[in-house]
Amino acid sequence: MNNPSIVLYGAKNAKLEDKTVPELAEPHDVLVRINYVGVCGSDVHFWHHGGIGKMVNSSTGIVMGHEASGTIHSIGPSVKSFKPGDRVAIEPGVPCRLCKACKAGTYNLCREMRFAAAPGPPDTQGTLSKYFRSSEDFVYKIPDEMGLDEAVLVEPLAVAVHAVKLGAVKPGETVVVMGSGTIGLLCAAAARQFGAHRVVLVDILEKKLEFAAQYLNFETYCSPTHISAEENAEKLLEKLGLAEDGTDTFGGRVDTVIEASGAASSIETGIHILRPGGKYVQTGLGKPKIEFPIVAMGQKELMVRGCFRYGSGDYELAVSLINKGLIDVKPLISSVTPFEKAPEAWEKTARGEGIKNLIQGVQD
Ligand SMILES: [Zn+2]
Ligand SMILES: [Zn+2]
């Protein structure tokens, strides 16, 4: 085969196929030999449902995968910063670089974004291939000491860096992260790097919190599922000693909440635990519409903001945080599945096994 690829045709229907090797179409293109691909929640959703919002075209299929690392195989004539053999973390979306969003430095909001494994039209093929074409400015050299497996975690860490930046986390703050999956854990780790003095991880699964507690010595809180968000907020604040003296649940002492679960109850709780003037960042994706405590938001003058993927400087900072040993992503890597068995890795993640499951690139 020239370019073995894992192609998804619909729910539970994936095939290992040969694809043509992408050509270097633009002078700044690079062709990357993929070493590892990470599995994330969206992959699992695609595997189970055949897409998110937009469905995969069932006759042409789409190559899966968007979190990836690799080795530069060949370069276009204008590429100056890379040579074949360089090891890289791949940013999976390439924007148009021409629109207002791009020119304002918010290229993650580009309407013309071509994101790996995103159904179109036009479809953008993913990274679960032997070869993946990217662009010089969307691959990032990793240092010799960094493993190519670790480099896959640059993607979720970039998501976390973006969220913490948007939350304007400052030294000394108390930050609560709702949800302790990969993104939640990395948001907590990043918040500490931005100077937060107290970082608390919240989840509904004790097992995940146990991991969080030993991973970076985070404080944790396990949300009971049978109580209201108001009660839950009260309990959380009490347990952590963050309740404002003599007030109700609208008076927490939490400076910033980063919501990384997307669960409606968690969103509500997150709003209630914030101090007046606190900040709230939504990075988790759940139901498109939910009940929202908008009066609490208004009366506390909260800053509430959306957060989407990663933008300018986020990949560079993520690489540097790992490289300098400030955030250790190795403990998050739970398994490596051979390329041909990619669906097994999706299933593993679907069952909640491990933190970050990887798929190995095609072996020669
Ligand atoms: Zn992902
Ligand atoms: Zn653009």
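Where residues in the stretch 51-79 are surrounded by 16 or more Cβ atoms within 10 Å (Cβ to Cβ) and aliphatic (A, V, I, L, M), which of them is modelled with the lowest pLDDT?
Once the filter is applied, the top-ranked residue is Val56.
Kindly establish whether Ala168 is crowded, with 22+ Cβ neighbours inside 10 Å and of a type in the set (Gly, Ala, Ser).
Judged against the criteria, Ala168 is not a match.
Pick out, from the stretch 2-107, the strands (runs of 3 or more DSSP E) lying fully within it that include 3 or more residues that are within 16 Å of ligand 1 (Cβ to nearest atom) and in contact (Cβ under 8 Å) with a residue 24 or more places away in the chain.
Details: elements: 4-10, 13-18, 29-38, 67-75, 87-90.
Where strands (runs of 3 or more DSSP E) fall fully within the stretch 2-107 and carry at least 3 residues being within 16 Å of ligand 1 (Cβ to nearest atom) and in contact (Cβ under 8 Å) with a residue 24 or more places away in the chain, they are 29-38, 67-75.
Need at least 3 residues that are out of contact with any Ser or Thr (no Cβ under 7 Å at 6 or more places or on another chain) and farther than 20 Å from Ala260 by Cα per element, so show me which strands (runs of 3 or more DSSP E) inside the stretch 294-360 make the cut, counting only ones lying wholly within it. If you could, list the steps in order and put the result at the bottom.
Numbers: elements: 303-306, 333-337, 356-360.
It comes to 333-337.
Restricting attention to the stretch 345-364, report how many residues are surrounded by 14 or more Cβ atoms within 10 Å (Cβ to Cβ) and farther than 14 Å from Leu185 by Cα.
Residues of the stretch 345-364 surrounded by 14 or more Cβ atoms within 10 Å (Cβ to Cβ): 345-350, 354-362.
Of the ones still in play, those that are also farther than 14 Å from Leu185 by Cα are 345-350, 357-362.
Count: 12.
Which of the residues belonging to the stretch 190-205 are in a helix (DSSP H, G or I) and surrounded by 24 or more Cβ atoms within 10 Å (Cβ to Cβ)?
Pass one, the stretch 190-205, residues in a helix (DSSP H, G or I): 190-193.
Across the stretch 190-205, the qualifying residues are Ala190, Ala191.
List the number of the failed condition for Asp86; all other conditions in (1) within 16 Å of ligand 2 (Cβ to nearest atom); (2) more than 30 Å from Thr283 (Cβ to Cβ) hold.
Going through (1) within 16 Å of ligand 2 (Cβ to nearest atom); (2) more than 30 Å from Thr283 (Cβ to Cβ) one by one, Asp86 breaks only (1).
One residue is enough: does the stretch 45-56 have a residue meeting the conditions closer than 29 Å to Glu150 by Cβ and touching a Phe, Trp or Tyr at 6+ places or on another chain (Cβ under 6 Å)? Please lay out each step first, then the result.
The initial filter retains those residues of the stretch 45-56 that are closer than 29 Å to Glu150 by Cβ, namely 45-48, 52.
Keeping just the survivors that are touching a Phe, Trp or Tyr at 6+ places or on another chain (Cβ under 6 Å) gives 47.
Looking for residues that are closer than 29 Å to Glu150 by Cβ and touching a Phe, Trp or Tyr at 6+ places or on another chain (Cβ under 6 Å), one finds at least one in the stretch 45-56, hence yes.
Restricted to the stretch 121-150, and to residues that are of a type in the set (Asp, Glu) and closer than 23 Å to Asp328 by Cβ, which residue is surrounded by the fewest Cβ atoms within 10 Å (Cβ to Cβ)? Steps first, answer last, please.
Restricting attention to the stretch 121-150, the residues satisfying the condition of being of a type in the set (Asp, Glu) are 123, 136-137, 144-145, 149-150.
Okay, now just the ones that are also closer than 23 Å to Asp328 by Cβ, so 144-145, 149-150.
Numbers: Asp144: 5, Glu145: 9, Asp149: 18, Glu150: 22.
Checked the stretch 121-150; the qualifying residue surrounded by the fewest Cβ atoms within 10 Å (Cβ to Cβ) is Asp144.
Within the stretch 153-161, identify whether any single residue is more than 16 Å from ligand 2 (Cβ to nearest atom) and out of contact with any helix residue (DSSP H, G or I) (no Cβ under 9 Å at 6 or more places or on another chain), and answer yes or no. Walk me through it before giving the result.
Residues of the stretch 153-161 more than 16 Å from ligand 2 (Cβ to nearest atom): 153-161.
Adding the requirement that they be out of contact with any helix residue (DSSP H, G or I) (no Cβ under 9 Å at 6 or more places or on another chain) leaves none.
Checked the stretch 153-161: no residue is more than 16 Å from ligand 2 (Cβ to nearest atom) and out of contact with any helix residue (DSSP H, G or I) (no Cβ under 9 Å at 6 or more places or on another chain).
Look at Gly85 and say whether it is crowded, with 16+ Cβ neighbours inside 10 Å and within 27 Å of Pro143 (Cα to Cα). Give the derivation first.
Working: crowded, with 16+ Cβ neighbours inside 10 Å: no; within 27 Å of Pro143 (Cα to Cα): yes.
Here the answer is no, as Gly85 does not meet what is asked.
Could you list all residues from the stretch 39-48 that are farther than 13 Å from Ala117 by Cα and either of a type in the set (Val, Ile, Thr) or at pLDDT 95 or above (or both)?
Scanning the stretch 39-48 gives a single hit, His48.
The values are calculated or read from the model by the stated rules, or taken from the named source; none is laboratory data. As the structure is a prediction and not an experimental result, all values here were calculated from the model. Cβ: placed from backbone, ideal geometry, glycine included. Neighbour counts: every protein chain shown.
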